[in-house]
Amino acid sequence: MSTTIRLPRPDDWHLHLRDGAMMRAVLPETARDFARAIIMPNLVPPVVTGAQAAAYRDRILEALPAGMVFEPLMTLYLTEDTDPDDLAAAHASGLITAVKLYPAGATTNSASGVRDFAKVRPVLDRMAEIGCPLCVHGEVTDPDVDIFDREAVFIDRVLDPIRRATPGLRVVMEHITTADGVAYVQSAESGLGATITTHHLIINRNHILVDGIKPHYYCLPVAKREDHRLALRKAATGGDARFFLGTDSAPHTDSNKLSACGCAGCFTAPNSLPILAQVFEEDGALDRLEGFVARHGAAFYGLPVNSGSITLSKSDPTPTPTHINTDDGPVTVFDPGFDLSWRVVR
Ligand code: NCD
Ligand code: ZN
């Protein structure tokens, strides 16, 4: 006996596709199941101008396997030198959907991020004016702040002041990992949403650190303690339209993960939807999966719900695929720690 559910084709509101050989290998893993994704601009060098976003978009579309339909929603990487006119033109032409704020040094390839938030005020004001959303990596980088507190401190010291200074700015708190993040989003009257990743619904910090260190569970923002994970699950499965899926699928080769200084990122593109179906089912909220993966984000961004559909089917649990191969080397797929009963019917 198998159970099936049908959903509009989902969107991923936070995705790392990389470039070159890595992009060619990981792109089909997303395009197979997702109609659109917000593409992170943290390449080396980062995507900072409209021209760079256009070239990156072309490379993605060229790498898309024949027969797959997928729309990359491009972003610009905000720097202290971002030209507001270039940004506004890229937004007006439909080339970019959002702009990404990385505090300098917060995560992978974020060296060109923002140090002095006062310097980007004019750009943020312009974004509010033209209705271009800001996607925020919400962690302070101050070495005095404990890594597990960096999201909560960012809300007080950086995000809330930015939102007060530029009230019309639409903001997405990316990959929230704390009950504080959930509460802050719920406290806002309008113009604030948050993405939640697949893996932060599954792991807490014990999964990374107990019984030997697990580099494949290390990502940024780092998973927090169990009560935060439970707050995220409640937010994701609770039906509140301010929360939507952004997988933050962030592939790194095994050699870059399994190193004395391993990269941050979990690669969840291949199995996010089956994992999420299981999570929502466990929490008695299977009927709310559609909102989280296919409706809430589109509504926040003012885009239509996708017209196609996907079917998920439940049968006997099967082990998850462990890795994919790329010309740069193997990339390990996120292991949820349990066999998956759900699969996408293809
Ligand atoms: C991301 C990456 O590898 O680009 N890593 C991660 O752990 N999420 C960067 C990011 O989104 O922070
Ligand atoms: Zn990310």
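Of the residues that sit in segment 221-239 and are part of a loop (DSSP other than H, G, I, E, B) and surrounded by fewer than 20 Cβ atoms within 10 Å (Cβ to Cβ), which one is nearest to ligand 1 (Cβ to nearest atom)? Per the stated criteria, the residue is V222.
For the residues A106, A128, the requirement of being surrounded by 15 or more Cβ atoms within 10 Å (Cβ to Cβ) and within 23 Å of T247 (Cβ to Cβ) singles out A106. Evaluation of P46 against the conditions (1) open to solvent by less than 10 Å² (accessible area, probe 1.4 Å); (2) within 13 Å of ligand 1 (Cβ to nearest atom) shows that the sole unmet condition is (1).
Scanning segment 117-153 for residues that are among the hydrophobic types (A, V, I, L, M, F, W, C), part of a helix (DSSP H, G or I), within 30 Å of R225 (Cβ to Cβ) and in contact with an Asp or Glu (Cβ under 9 Å, 6 or more places away or on another chain) returns I147, A152, V153. Exactly one condition in (1) within 20 Å of F70 (Cβ to Cβ); (2) open to solvent by 30 Å² or more (accessible area, probe 1.4 Å) is not met by D327; state its number. For D327, the exception is condition (1). Only a single item in (1) touching a helix residue (DSSP H, G or I) at 6+ places or on another chain (Cβ under 7 Å); (2) hydrophobic (A, V, I, L, M, F, W, C); (3) crowded, with 19+ Cβ neighbours inside 10 Å is not met by V185, and it is number (1).
The test for being free of Cβ contacts under 8 Å to residues at least 12 places away in the same chain, assigned to a helix (DSSP H, G or I) and either among the hydroxyl-bearing types (S, T, Y) or over 30 Å from P8 (Cβ atoms) (or both) holds for D85. State all residues of segment 190-220 that are of a type in the set (A, V, I, L, M, F, W, C) and not in a loop (DSSP other than H, G, I, E, B); if no residue qualifies, say none. If the condition is that a residue be of a type in the set (A, V, I, L, M, F, W, C) and not in a loop (DSSP other than H, G, I, E, B), then L192, A194, I196, L201, I208, L209 are the ones that fit. In segment 305-330, which residue that is of a type in the set (V, I, T) and in contact with a helix residue (DSSP H, G or I) (Cβ under 7 Å, 6 or more places away or on another chain) is nearest to P10 (Cα to Cα)? Of everything passing the filter in segment 305-330, V305 is nearest to P10 (Cα to Cα). Restricted to segment 240-272, and to residues there that are among the acidic types (D, E) and open to solvent by 20 Å² or more (accessible area, probe 1.4 Å), the residue that is nearest to ligand 2 (Cβ to nearest atom) is D254.
The values are calculated or read from the model by the stated rules, or taken from the named source; none is laboratory data. Predicted model only: the values in this text are computed from it and were never measured. Positions of Cβ are generated from backbone atoms using ideal geometry, with glycine treated the same way; all protein chains shown enter the neighbour counts. SASA here: full protein model, heavy atoms, side chains in, ligands and nucleic acids out. Shrake-Rupley method; radii C 1.70, N 1.55, O 1.52, S 1.80 Å.
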